[in-house]
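Before any comments, here is the structure.
None of the figures in this text is laboratory data; all of them are computed from the coordinates on show. Note that this is a predicted model, so its numbers are computed, not measured. Glycine gets a Cβ as well: all are built from the backbone with ideal geometry, and neighbour counts include every protein chain shown.
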Amino acid sequence: MSYKYQWLLFDLDNTLLDFNASSKIGFKSLIEKINPKLDWESLYPIYRDYNHQVWDEREAGLISHNDLKTKRWRLFFDHADIEFDPSLANDHYFYYIKNKPFLIEGAIDLLRRLKGDYRMMIITNGLSEVQWNRLRIMKMESYFEHIIISDEINATKPEFAFFDHCDKLMVSPDKSEVLVIGDTLKSDIKGANDFGYISCWYNYYQTENDSDIEPDYTVQSLADLARDVLEINLFQD
Ligand SMILES: [Mg+2]
């Protein structure tokens, strides 16, 4: 059997690991520590919006990873009228992010099925110590030839430099033989498209694409990715 792609480049958060699940329990624990009377569920979307905003600034190269860690909490606490040290908040939240990973449904089944048939790489915008720790806890490292973390290479998806770094590690394969899979249009899909790789949007949030970024494929689950894009049945060897 021949395969359409030589390389599969997977985003990590909300593609293979359920970052949102870890984020929610970390946030809940923090708010309960600050004041158990606060309603964490109604506050969470406010934090999440600030976190996205700050990550947008990071991905646009406007702030450093270090600034990001405290700025999101400062903005959220100001909005919610909470007095708490942003740095302590980040440490508390971070413990959960770093040590309590959750899998996206089907992730390990998929990786097991693909190993040996495809060469695989993780491409993630994130913090080095956090991403490594979570990959180790989930015993995922062995599936990948390379694990590329933005924090370590000083380049961030969708920057050309990020994908160029990956390309050199793969020894510049034919670009049509590289499939990038990720949940974020403006980093994973835009980066892949700009570089010339094939892109698959894992529409984790099941949202409309109201951007001008056009993925080659769109899937709603990892099972869809296996069946519709890679043309394999996850549950059949
Ligand atoms: Mg992601």
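Let me check I have the definition right: for the range 43-121, take the eigenvalues of the Cα gyration tensor, multiply each by 5, take square roots. What are those semi-axes in whole Å, largest first?
Sorted largest first and rounded, they come to 33, 16, 12 Å.
What is the extension gain from Ser172 to Lys100, computed as 0.36 nm multiplied by their sequence separation minus the C-alpha to C-alpha distance, in nm to one decimal? Could the numbers behind the result be given before it?
Values: separation 72, 0.36 × 72 = 25.92 nm, distance 3.57 nm.
Once the chain is fully extended between Ser172 and Lys100, it gains 22.4 nm.
Need the full-extension length gain, Trp132 to Ile63, defined as separation in residues times 0.36 nm minus the C-alpha distance. One decimal, nm.
Gain on extension, Trp132 to Ile63, equals 22.6 nm.
5 Å is the cut-off here: which amide hydrogens, built 1.01 Å from N in the peptide plane, fall below it relative to Leu12, excluding neighbours closer than 5 in sequence?
Under 5 Å from the amide H of Leu12: Ile123, Asn125.
So what are the ³J(HN,Hα) numbers for the range 145-158, from phi and the Karplus equation (6.51, -1.76, 1.60; θ = phi - 60°), rounded to whole Hz, Gly and Pro as x?
6, 9, 10, 10, 10, 3, 4, 8, 10, 6, 8, 10, 4, x
Over the chain, what relative contact order in percent results from Cα pairs under 8 Å that are six or more residues apart?
This gives 23 percent for the chain.
Please list, by residue number, every one of the trypsin sites (Lys or Arg not before Pro) in the range 21-128 that is coil in DSSP and has at most 11 other beta-carbon atoms within 10 Å.
For trypsin sites (Lys or Arg not before Pro) across the range 21-128 that sit outside H, G, I, E and B with at most 11 neighbouring Cβ atoms in 10 Å, the list reads Lys37.
Let me make sure I get this right: for the range 126-182, a, b and c are the square roots of the gyration tensor eigenvalues over alpha carbons, sorted descending. Under 1.5 in a/c it's rounded, otherwise prolate if a/b > b/c, else oblate. Which is it? Let's see the in-between values first.
On the way: a/c = 2.29, a/b = 1.43, b/c = 1.61.
Cα axes put the range 126-182 in the oblate bin.
State which stretch of the chain is the longest one without any exposed GluC sites (Glu not before Pro), exposure meaning a DSSP loop state and at most 10 other Cβ atoms within 10 Å.
84-207
Going by amide H atoms built from the backbone, whose H comes under 5 Å of the H on Ile104, apart from near neighbours?
Counting only residues 5 or more places away or on other chains, the set is Leu17, Asp18.
Multiplying the sequence separation of Glu214 and Lys37 by 0.36 nm and subtracting their Cα-Cα distance, what value in nm do you get?
Working: separation 177, 0.36 × 177 = 63.72 nm, distance 4.45 nm.
Result: 59.3 nm gained on full extension.
What angle do you read, to the nearest 10 degrees and between 0 and 90, between the alpha-carbon axis of helix 40-59 and the longest principal axis of the chain?
60 degrees
List the chymotrypsin sites (Phe, Trp or Tyr not before Pro) in the range 164-210 that DSSP assigns to loop (not H, G, I, E or B) and whose Cβ has at most 12 other Cβ atoms within 10 Å. Which are they?
Here the sparse-neighbourhood loop sites are Tyr205.
So if I take the centroid of the Cα atoms in the range 1-58 and the same for the range 146-177, what is the distance between those two points in Å?
Using only Cα atoms, the two centres lie 23 Å from each other.
Just want to confirm a number: the relative contact order over the range 20-99, from Cα pairs under 8 angstrom separated by 6+ residues, in percent.
About 40 percent, as a whole number.
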